[in-house]
Ligand code: G3I
């Protein structure tokens with residue numbers, strides 16, 4: 001096909017993909033350019049990789065992706081400025097190895113956010129400013145090192161710093177399991193409180209690490225309408241549909257080694273196709289609220305979900321980079 005996802009969806013929303021440098025050459029590059037009109041760096045712009053020591057920024061990979069986007073007229077989302085994972089070791093410690101105070105931590109976050117947002121100002125139109133701060137259990141905020149030192153204030157401050165650095169950038173809160181009612185309620189509560197305080201936050205990223213069994217159509221619609229009622233843009237920022245049941249595909253793995261070469265069965269294929277069909281029907285229905293949909297990886301040849309012990313097949317292109325049945329399903333409307 002010469003017509004790509006981005007063409008089918010040109011009257012709906014940009015269609016993006018998370019990339020690594022491997023996606024910018026050869027057959028991968030061709031597929032990216034044929035199918036997508038937006039990119040996100042899968043890892044390169046996270047704090048650990050891009051700011052490995054206090055006085056050192058590693059721009060190389062992020063810049064190569066940003067240059068690729070610019071040269072090929074793709075939109076680019078920035079991911080992510082503040083996250084509990086992939087943080088550099090130096091962030092929480094002073095020179096004596098003691099845990100830093102809240103003031104020092106906020107100062108470091110401010111310097112980091114100003115520097116990175118400013119560096120990519122020309123190329124990045126939307127940032128995941130704060131990633132995954134709401135807890136999966138019954139507590140409110142995730143009890144991360146960031147939270148232990150700075151309490152919930154770091155969330156608000158991160159958005160303020162990002163807005164100072166680039167007043168034109170669209171600023172997102174990004175999280176997963178946003179269709180689970182309890183977690184969704186907590187995210188909603190946090191966003192509502194931040195907006196009431198005038199914090200510059202423009203959108204919510206529903207990561208979209210979904211599976212054959214989740215989310216249901218009604219929970220997905222509920223999440224979109226609830227967050228949209230706050231006046232926020234909605235983007236699906238990390239879409240994939242694991243071929244295993246359960247959240248993020250990881251929970252059912254019993255024997256990782258034995259299952260390392262699990263096959264993509266006809267049953268997985270048909271259930272995945274139905275799930276993708278449902279998801280895109282809903283996204284088209286709410287096109288007024290949805291300003292972007294990004295897949296988390298390019299094809300089944302490489303997906304972060306493989307790292308969970310069992311080969312997975314969560315994307316629209318197969319291990320040979322060919323469109324799967326689900327591709328035809330989401331482009332048939
Ligand atoms: O680059 C290092 C390499 O130097 C090192 O030798 C090797 C040994 O472990 O690790 C390499 O880093 C890995 C990195 O990916 C790059 O491949 C990390 O171990 C690995 O943990 C990391 O995984 C990434 C994960 O975030 C980190 O939690 C995945 O690629 C990435 O897809 C994933 O993305 C996240 C989003 O940012 C946020 N939402 C959830 C999503 C999936 O977990």
Quick check: is even one residue across region 282-290 surrounded by 16 or more Cβ atoms within 10 Å (Cβ to Cβ), modelled with pLDDT of 95 or more and assigned to a helix (DSSP H, G or I)? yes
Can you name the condition, by its number, that residue 134 falls short on among (1) under 21 Å from the mean Cα position of the chain (by Cα); (2) more than 16 Å from the ligand (Cβ to nearest atom)? (2)
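Go through region 82-93 residue by residue and tally those that are within 12 Å of the chain's Cα centre (by Cα) and more than 12 Å from the ligand (Cβ to nearest atom).
Here the count works out to 0.
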Exactly one of (1) within 27 Å of residue 24 (Cα to Cα); (2) more than 16 Å from the ligand (Cβ to nearest atom) is unmet by residue 96. Its number? (1)
Residues that are more than 16 Å from the ligand (Cβ to nearest atom) and under 19 Å from residue 274 (Cα atoms), drawn from region 186-214: 212, 213
Looking only at region 244-280, how many residues end up being under 30 Å from residue 124 (Cβ atoms) and modelled with pLDDT of 95 or more? 3
Exclusive hit being touching a residue at least 60 places away in the same chain (Cβ under 8 Å) and either out of contact with any strand residue (DSSP E or B) (no Cβ under 6 Å at 6 or more places or on another chain) or assigned to a loop (DSSP other than H, G, I, E, B) (or both), set 328, 313: 313
Quick one: count up the residues across region 163-185 that are in a loop (DSSP other than H, G, I, E, B), surrounded by fewer than 20 Cβ atoms within 10 Å (Cβ to Cβ) and within 16 Å of the ligand (Cβ to nearest atom). 1
Any residue at all in region 199-215 that's exposed (fewer than 15 other Cβ atoms within 10 Å of the Cβ) and modelled with pLDDT under 95? yes
Single condition residue 69 does not satisfy, out of (1) away from the ligand (no atom under 16 Å from the Cβ); (2) under 21 Å from the mean Cα position of the chain (by Cα); (3) touching a residue at least 60 places away in the same chain (Cβ under 8 Å): (3)
Find the helices (runs of 4 or more DSSP H) located wholly in region 15-106 whose residues include 2 or more that are within 30 Å of residue 321 (Cα to Cα), touching a strand residue (DSSP E or B) at 6+ places or on another chain (Cβ under 7 Å) and modelled with pLDDT of 95 or more, and list them. 26-35, 60-71
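Conditions tested, residue by residue: (1) more than 16 Å from the ligand (Cβ to nearest atom); (2) without any contact (Cβ under 8 Å) to a residue 12 or more places away in the chain.
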position: 15; (1), (2): yes, no
position: 37; (1), (2): yes, no
position: 44; (1), (2): no, no
position: 55; (1), (2): yes, yes
Report, by residue number, each residue of region 146-167 that is touching a residue at least 40 places away in the same chain (Cβ under 8 Å), over 22 Å from residue 100 (Cα atoms) and out of contact with any strand residue (DSSP E or B) (no Cβ under 9 Å at 6 or more places or on another chain). 164, 165
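The values are calculated or read from the model by the stated rules, or taken from the named source; none is laboratory data. From a predicted model like this one, the values you see are computed outputs, not experimental measurements. Note: ideal-geometry Cβ built from the backbone for every residue, glycine included; neighbour counts use all protein chains shown.
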